[in-house]
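The values are calculated or read from the model by the stated rules, or taken from the named source; none is laboratory data. In this text the structure is predicted, and so the values were computed from the model without any measurement. Cβ sites come from the backbone with ideal geometry, for glycine too, and all protein chains shown count toward neighbours. Ligands, DNA and RNA are stripped out before the accessible areas are found, and what is left, the full protein with its side chains, is counted by its heavy atoms. Shrake-Rupley method; radii C 1.70, N 1.55, O 1.52, S 1.80 Å.
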Amino acid sequence: MKGWMGKIRSLFVLSLLSVILSGCGKENLTAFAPKGYGAEVSLDLIIWSFLIMLFVFIVVMVIFTIVLIRFRRKKGQEDFIPQQTEGSKALEIIWTIIPIILLVLIAVPTVAATFDLADESDKGDALNINVTGNQFWWHFNYEGHDIQTSTDVYIPVGEKVYLNMMSSDVIHSFWVPTISGKMDTNPENENTMYIEAHEEGIYEGKCAEYCGPSHSLMDFKIIAVSPEEFDQWVSDMQNVTADATPETASAQEGQDLFEQSCLSCHAIGSSPAAVGPNLTNFGDRTEIAGIIEDYTKEDLVDWIKAPEEFKPGNKMTETAPYLQEENPGLTDEEVSKIADYLLQLKPSEVTPESALN
Ligand code: CUA
C-alpha cells in the first residue's frame, strides 16, 4: 500500500512540475513559432517526424487492441496452443522493410535540409558577423563595418546574414529558437550558419551547451529591424567616438572613472575589447549582463558592485581591479557616476523598440 502511495505521489509531483515548467520561458523563445528560415525548416522536420511516429504508434495500438480482444483465452480452451509462427520468413521481411521505409522517409528530407542550411554559396555577398562565445556573454563583430558590440545583435529583416562562430574559452552553443537551429562555438575551429528573419522583432537567444556556473544566464537577442533602420544603426555605431563628452557632470566624472577602472577590459566604439563585453550602445539595451531585465539604475549599480551575486563564475569578479581585495574599491558615489555614464551611451535612434514598431 505504501509503495503505491509513493508512486502516486511521484506521478502527481511530476505532472505538477510539467504543468508549471511548461509555463516557463519567454515569448519568442520557442521552436514552435518560427520567424526565420532555419527555424521553419526545423519545425517542418519536427512535424514530419512526429507524424510518422504517430502513425507507427496508432498502427501498433490498433493491432495490439485487436489481438488483445480477439485472441483471449476462451473458456474450455485452456490447453489450446495457437499456430506457432517463429522463423516465418514473410514476417521477418515485412518487419525489416517497414522500418527501413519509415527511416528513409525521415532521412531524405532531413539530409536535404541539412545541405540546404549548410549552403554558403552567397556568403561573400552577404552581411557577415563574427560571433564569439565567452563565459558568459556574446561578442559580435560586423565584418567590414568596423562595428563591435555585445549581447544585442542587430540584423536587417528579410536578408541572409552569415554568422561565423568561435569561442574564446569553452564550447558554447548559439541558439535563437524562433530564427534557427543551434550551432556550437568551438575554441579552435570556426562554424558558420546563416540566419534570416522574416519579420521585424526581438528574438531571444540562449546558450545551449553547458559551459559553467552561469551557462543559463548568458542570454542575448537578435534584433531584426528594417533594412533602412539597419543602415541607420550601422552608420550611428560607426560614428561613436570613445571620448565623446557626456552631457551631465555626473556622467562626465563617470567617464573618467570608467576609463581608469573598466576600460582595460571593456571598450566603447569599434576597438575590440580584450576581455570584456563592448559597451558602445549599453544605454540602448533592454537587459544588463544579458540577464537583468527591465533594469533600473539601482540594478546597474548593484551589478557593478557585486557581479558575482548575479552571474556566478563571471570573469569580471576575478579581473576588475576595483573588485580585488588588495586594491581600493569604488565608493557608492563613484559607482553611481559610472552607471550614469553607461546609461547615456545611446548612439542610435534605432533601438530594440524600433523592431517592435
Ligand atoms: Cu555558454 Cu552555456
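For region 127-157, what are the residues that are modelled with pLDDT under 95 and farther than 29 Å from Ser216 by Cβ?
Glu143, Gly144, His145, Asp146
So which pairs qualify, if the first residue must be in region 199-216 and on the phi > 0 side of the Ramachandran plot, the second must be within 10 Å of the ligand (Cβ to nearest atom) and open to solvent by 20 Å² or more (accessible area, probe 1.4 Å), the Cβ gap must be under 6 Å, and the two must be at least 6 apart or on different chains?
Gly212/Gln135
Specify the residue that is farthest from the chain's Cα centre (by Cα); the eligible residues are those in region 313-346 that are surrounded by 21 or more Cβ atoms within 10 Å (Cβ to Cβ) and in a loop (DSSP other than H, G, I, E, B).
Leu330
Answer yes or no as to whether Ser168 is within 15 Å of the ligand (Cβ to nearest atom) and out of contact with any Ser or Thr (no Cβ under 9 Å at 6 or more places or on another chain).
Answer is no for this residue.
Of all the residues that make up region 175-188, how many are touching a residue at least 24 places away in the same chain (Cβ under 8 Å) and part of a loop (DSSP other than H, G, I, E, B)?
Within region 175-188, residues that are touching a residue at least 24 places away in the same chain (Cβ under 8 Å) and part of a loop (DSSP other than H, G, I, E, B) number 7.
Taking region 65-116 on its own, how many of its residues are within 30 Å of Leu43 (Cβ to Cβ) and not polar (S, T, N, Q)?
Matching residues across region 65-116 total 18.
What number of residues in region 21-74 are under 20 Å from the mean Cα position of the chain (by Cα), in a loop (DSSP other than H, G, I, E, B) and hydrophobic (A, V, I, L, M, F, W, C)?
Of the residues in that region, 5 qualify.
Could you tell me which numbered condition Tyr162 fails, if it satisfies all but one of (1) open to solvent by less than 60 Å² (accessible area, probe 1.4 Å); (2) within 12 Å of the ligand (Cβ to nearest atom)?
Every listed condition holds for Tyr162 apart from (2).
Only one of Thr351, Thr317 is more than 19 Å from Thr132 (Cα to Cα) and free of Cβ contacts under 8 Å to residues at least 24 places away in the same chain; which?
Result of the check over Thr351, Thr317: Thr317.
Considering only residues that are open to solvent by 60 Å² or more (accessible area, probe 1.4 Å), within 23 Å of the chain's Cα centre (by Cα) and charged (D, E, K, R), which ones fall in region 267-303?
Glu293, Asp294
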